[in-house]
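Asks: Just dropping this structure here.
The values are calculated or read from the model by the stated rules, or taken from the named source; none is laboratory data. Computed from a prediction, not measured in an experiment: that's the story for all the values here. Methodologically, a virtual Cβ is constructed for each residue, glycine included, from the backbone with ideal geometry; neighbour enumeration extends over all protein chains shown. To get the accessible areas, we keep the full protein, side chains included, count just its heavy atoms, and leave off ligands, DNA and RNA. Shrake-Rupley method; radii C 1.70, N 1.55, O 1.52, S 1.80 Å.
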Amino acid sequence: MIFRQLFDSVSGTYTYLLASRRGGEALIIDPVIEKVQRYLQLVNELDLKLVKAVDTHLHADHITGLGALRDHTHCITVMGEMSKADVVSMRLSDGDKLTIEGVALEAIYTPGHTDDSYSFLMDDRVFTGDTLLIRGTGRTDFQNGDARAQYDSIFNRLLKLPDDTLVYPAHDYKGETVSTIGEEKAFNPRLQVKSIDDYVALMNNLNLPNPKMMDVAEKALARMGVPLGQIHSERFDLV
Ligand SMILES: [Fe+2]
């Protein structure tokens, strides 16, 4: 099994490269456009064939590398069916299997951070996008976010997974790389609430600053990595 967690320090994004063996098919999750050459180099060095590129949701803090990877490798670009991105060649529904040679991921629809957020379960680990972060949760105050939906996604879907399931998020801003469902249940401060209403109140009172250039970035993102001129979006945290 080849499993690589790659980091984009500008946006604090984790990208994951998966393959069952050297020389086999590979899949990438949440690639960042500025890092595409690095991904391609690694794919080449490991003698892999990139066949699928997936975004967990439409990202507002960076431009996806899906479009550029597709142009370079002819890989299939994948998102959930709720995505409004206009150039996705495969759309998954809740429960669908995403497979490459020797690797199978199950799509779990986990709206809340955005209405197009999906998590992907693979054996002992789950890629949670910005739904469940390490000791945090993705903000719900833009991109059709919904704290009530996020509570349901986290408490009734992700936290139902076995406690020792590894949690690999799409972002971290403190240098954490991995957690477990059990650890997050016990120690994630956002999850120590008594009811859905408590969670909604907590999320609605975070008073996070609105990222600049959001409209421009979102339009570019929806076009799968085709930037609209020069985008100078400032880094902002999603928690
Ligand atoms: Fe996000």
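Asks: Tally the residues that are of a type in the set (Gly, Ala, Ser) and open to solvent by 10 Å² or more (accessible area, probe 1.4 Å), restricting the search to region 105-114.
Replies: Looking only at that region, the number is 0.
Asks: Can I ask one more? Here's a check for you: in region 15-45, which residue that is farther than 19 Å from LEU166 by Cα and part of a strand (DSSP E or B) is most open to solvent (accessible area, probe 1.4 Å)?
Replies: GLU25
Asks: Could you check region 155-180 and list, in sequence order, the residues that are of a type in the set (A, V, I, L, M, F, W, C) and farther than 27 Å from VAL10 by Cα?
Replies: Passing the criteria: PHE155, LEU158, LEU159, LEU161.
Asks: Taking interchain pairs and intrachain pairs at least six residues apart, which have beta carbon atoms under 9 angstrom, with the first residue in region 172-188 and in contact (Cβ under 8 Å) with a residue 12 or more places away in the chain and the second aromatic (Phe, Trp, Tyr) and not in a helix (DSSP H, G or I)?
Replies: Short answer, once both residue conditions are applied: ASP172/PHE7; ASP172/TYR14; THR177/PHE7; THR177/TYR14; THR177/TYR168; VAL178/TYR168; SER179/TYR168.
Asks: In region 52-67, how many residues are within 13 Å of the ligand (Cβ to nearest atom) and either assigned to a loop (DSSP other than H, G, I, E, B) or modelled with pLDDT under 90 (or both)?
Replies: 9
Asks: Looking at (1) within 16 Å of the ligand (Cβ to nearest atom); (2) closer than 18 Å to ALA107 by Cβ; (3) open to solvent by less than 60 Å² (accessible area, probe 1.4 Å), which is the only condition GLY12 fails?
Replies: For GLY12, the failing item is (2).
Asks: Could you give every pair whose Cβ atoms fall below 6 Å, whose first residue belongs to region 138-156 and is in a helix (DSSP H, G or I), and whose second residue is at pLDDT below 95 and open to solvent by 10 Å² or more (accessible area, probe 1.4 Å), counting only separations of at least 6 or pairs across chains?
Replies: Correct list of pairs: empty, since none qualify.
Asks: What about THR128, is it of a type in the set (Ser, Thr, Tyr), within 24 Å of ASN205 (Cα to Cα), in a strand (DSSP E or B) and open to solvent by less than 60 Å² (accessible area, probe 1.4 Å)?
Replies: So THR128 fits the description; yes.
Asks: Here's something else I'd like to know. For region 68-89, name all the residues that are at pLDDT below 95 and open to solvent by less than 40 Å² (accessible area, probe 1.4 Å).
Replies: Selection gives SER83, ALA85, VAL88.
Asks: Filtering region 153-175 down to residues that are more than 16 Å from the ligand (Cβ to nearest atom) and surrounded by 15 or more Cβ atoms within 10 Å (Cβ to Cβ), which residue is farthest from ARG125 (Cα to Cα)?
Replies: Top of the filtered list is PHE155.
Asks: Do the conditions hold for GLY102, that is, is it buried (at least 21 other Cβ atoms within 10 Å of the Cβ), small (Gly, Ala, Ser) and either in contact (Cβ under 8 Å) with a residue 40 or more places away in the chain or over 21 Å from LYS35 (Cβ atoms) (or both)?
Replies: no
Asks: Residue check, LEU92 against (1) more than 12 Å from the ligand (Cβ to nearest atom); (2) at pLDDT 95 or above; (3) over 21 Å from ALA26 (Cβ atoms); (4) crowded, with 20+ Cβ neighbours inside 10 Å, all met but one. Which one?
Replies: For LEU92, the failing item is (3).
Asks: Determine if region 224-236 includes at least one residue that is more than 16 Å from the ligand (Cβ to nearest atom), in a helix (DSSP H, G or I), open to solvent by less than 60 Å² (accessible area, probe 1.4 Å) and at pLDDT below 65.
Replies: For region 224-236, residues more than 16 Å from the ligand (Cβ to nearest atom), in a helix (DSSP H, G or I), open to solvent by less than 60 Å² (accessible area, probe 1.4 Å) and at pLDDT below 65: absent.
Asks: Just give me the residues in region 68-87 being of a type outside the set (Ser, Thr, Tyr) and away from the ligand (no atom under 16 Å from the Cβ), in sequence order.
Replies: The answer is ALA68, LEU69, ARG70, ASP71, HIS72, HIS74, CYS75, ILE76, VAL78, GLU81, ASP86, VAL87.
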